[in-house]
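The values are calculated or read from the model by the stated rules, or taken from the named source; none is laboratory data. Quick caveat, the model's predicted, so the values are computed rather than measured. All Cβ positions, glycine included, derive from the backbone under ideal geometry; neighbour counts span all protein chains shown.
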Amino acid sequence: MEFETWWLLGIPAFFGLGWIAARVDIRQLVSESRTLPRGYFKGLNFLLNEQPDKAIDAFIEIVTLDPETAELHFALGNLFRRRGETERAIRVHQNLLARPDLPSEHQVQARYELGQDYLKAGLLDRAEETFNRLVDTQYSAQARRALLEIYQREKDWSRAIEAARALQESGAGTRQREIAQFYCELAQDELVRTNPDGALAQLEHALASDRKNVRATMLIGDAMLAKGDIEAALAAWRRVEQQSVPHVALVAQRLMDGYKAVGRPQEGVNLLKSYLAEASSIDLLEVVLKAVTELDGVESGYTLISEELRRTPTLLALDKFLSARLMYAQHEVRQELTLVGNLVHNYAQKLARYQCSHCGFKARQFYWQCPGCNRWETYPPRRTEEMTIMS
């Protein structure tokens, strides 16, 4: 392609156009900034320097001088809520809603922020009423999520199911796993009322929502046991392996007790040993160790724990090993073993926790819903030390 001399004339022209555009943008920015109160920039500076108290004072001053500034009301209300001053946040957003000249889009936003204030303050009835008025607005998805959270807090599982389905139908993503857990909660309530048939009906819905829901399968076994059908209960608990091998540890004691009840304890031990060989678990090992010791004696239990310690050398397994060794230790070494065992046990207990995979909340017992972040099925059925070794 040949070079044309006249192209050189176009270069200054392009630079000139760019310079003019930049000057126009700068003038517009300066003009807009002059319309904002000085306190706005002062408050913004305090926020950037992580001084929220001074930022709030600056914004309060602006709102007092210029009560028509809706955006600053929103900023001030959000600051109050984040600091836990929910009463002040509620007053700010209520004052906004009371203004007759407030544009409709700001009215909807103020109502949503007010609902968030009520939710943060624990005023669930007011929050529910507020969010229900927003389900047909541009805040529909946020309002439905908030309603779902409210019903879970209130343990109103039937309404939680309705809210989750409505949220799902609105295109906000699948909620089938949560819905299955809500049905499990309803089933749990029926079992508490000694109504196993009612529990089984709820669990059918749970598995229809999520075929892989381990908790539903476990509760089916509990319901069959409550009806007096131990064989059906055992069959249900054995199905857990097909859904998730690691979760077998949660039904190990149920299985062992069931096989004892039908007079086949050795069959139960053999089954649990096969599970242990497939997926090592300290909780499963504890059940097997106890059963083997009862059936075959202390020495058999010691042999079992020795083999498991070699296979998976953990502090938790060492704790079990020392306890088993102490059972038939001679008197002259018992005192030393007790001292070592106590030291190991104290350290092992710190590792014998379940940990949420989402927020990291640790607990001594297994939860289907994390007490820290309230998410469902975020607890792996293994202790923290086991998870560290696996990773």
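Would a scan of the range 58-81 turn up a residue that is at pLDDT below 60, under 29 Å from residue 145 (Cβ atoms) and among the aromatic types (Phe, Trp, Tyr)? Within the range 58-81, one or more residues are at pLDDT below 60, under 29 Å from residue 145 (Cβ atoms) and among the aromatic types (Phe, Trp, Tyr). If the condition is being on the phi < 0 side of the Ramachandran plot, out of contact with any strand residue (DSSP E or B) (no Cβ under 8 Å at 6 or more places or on another chain) and surrounded by fewer than 18 Cβ atoms within 10 Å (Cβ to Cβ), then the range 353-379 contributes 357, 358, 359, 372, 373. Looking only at residues in the range 240-280 that are among the hydrophobic types (A, V, I, L, M, F, W, C) and outside any helix (DSSP H, G or I), the one that is modelled with the highest pLDDT is 262. Say we look at the range 117-140 and pick out the residues that are of a type in the set (S, T, N, Q) and surrounded by fewer than 21 Cβ atoms within 10 Å (Cβ to Cβ); which of these is farthest from residue 75 (Cα to Cα)? By that ranking, first place goes to 132. On the given criteria, is residue 344 within 35 Å of the chain's Cα centre (by Cα) and either within 25 Å of residue 214 (Cα to Cα) or not aromatic (Phe, Trp, Tyr) (or both)? Taking the combined requirement at face value, the residue satisfies it.
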